[in-house]
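What follows is a set of notes on a single structure, which appears directly below.
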Amino acid sequence: MAELNTGGGDSKGKKVRSKKQDAGVDLTAMVDLAFLLITFFMLTTSLSKPQSMNLAMPDKTPEDQPQVELTISEDRTLTILLGEKNKMVWYYGLANEPIEGPTVVGYGKNGIRKELLSKIKSVVAKYGDPKKGLIVLVKASKKSSYRNLVDILDEIAITKVPTYALVDITPEDKAMLEKEELLTK
C-alpha cells in the first residue's frame, strides 16, 4: 500500500513522528467460518416433513362378487353433509327420519367440533364400550371445496372419532342441502 508522508520538508531539529495507522481486522477467516457453519447446519438439520392423515379405504370388490351391505346402528351414526359457503349440515340417525338435526354449522371449536365431542360422549356413555363409539359419515357435494373436506377430516382427527367414512351423497342428502340453502341447482 502506498504511503503518503505529510510531514513538512523542513525538519529543523524537530523530531519526525511517524503517523500511526489504524489497526485493521482481516475478516476473511470469519466469513469462511460462517459459511462452513451455515453449510454444516443445512446438511445436518432435518427439514419439516409433510404431515398426512391415515385414511383406510376399502378394497374394491371384484365385479363377479356381490356387494356386501353394512348395516349401521342409527343411534351411533352422525352424518355430515358438506355444502357451499364453507358451511355444512349434520344430522344424527337416518336421513329420512333423523333422531336429531339437521343443523347448519360451521367449522372450528364452536361449530362441528363441539357437536362431535358431545355425540362421542353420549354414544360411549350409552354403550359403555369405546369400540362401539360414534360412526361419522362424511358426504361431500359437488359444490363443496377440497379445503372443506380437509377441514372436516382435521376436525375428526382432533376429536379422535374412532370410525369414519367418506360416502357418496344421496338424493335425500342433496335435498336436505338445498332446503338449508347450501346447495344451488
Return a yes/no flag: does the stretch 115-124 have any residue that is part of a loop (DSSP other than H, G, I, E, B), touching a Ser or Thr at 6+ places or on another chain (Cβ under 7 Å) and open to solvent by less than 70 Å² (accessible area, probe 1.4 Å).
no
Take the stretch 79-108 and flag every residue that is among the acidic types (D, E) and either closer than 13 Å to K179 by Cα or not in a loop (DSSP other than H, G, I, E, B) (or both).
E84, E100
Residue set K87, K121, K174; condition free of Cβ contacts under 8 Å to residues at least 40 places away in the same chain and closer than 27 Å to S52 by Cα; output residue K121
N96 fails exactly one of the following numbered conditions: (1) at positive phi; (2) of a type outside the set (S, T, Y); (3) open to solvent by 40 Å² or more (accessible area, probe 1.4 Å); (4) at pLDDT below 85. What is the number of that condition?
(1)
Qualifying position, being within 22 Å of E74 (Cα to Cα) and among the aliphatic types (A, V, I, L, M), among V150, V161:
V161
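Check whether at least one residue in the stretch 134-147 is polar (S, T, N, Q), farther than 18 Å from P102 by Cα and not in a loop (DSSP other than H, G, I, E, B), and report yes or no.
Keep residues of the stretch 134-147 that are polar (S, T, N, Q), which gives 141, 144-145.
Next, only the ones that are farther than 18 Å from P102 by Cα stay: 145.
Remaining after also requiring not in a loop (DSSP other than H, G, I, E, B): none.
No, the conditions are met nowhere in the stretch 134-147.
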With respect to I169, is the statement that it is part of a loop (DSSP other than H, G, I, E, B), of a type in the set (A, V, I, L, M) and at negative phi true?
yes
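The values are calculated or read from the model by the stated rules, or taken from the named source; none is laboratory data. Small disclaimer: the values here were computed from a predicted structure and weren't measured. Virtual Cβ from ideal backbone geometry, glycine too; neighbours counted across all protein chains shown. Heads up: the accessible areas ignore ligands, DNA and RNA and are worked out on the full protein's heavy atoms, side chains in. Shrake-Rupley method; radii C 1.70, N 1.55, O 1.52, S 1.80 Å.
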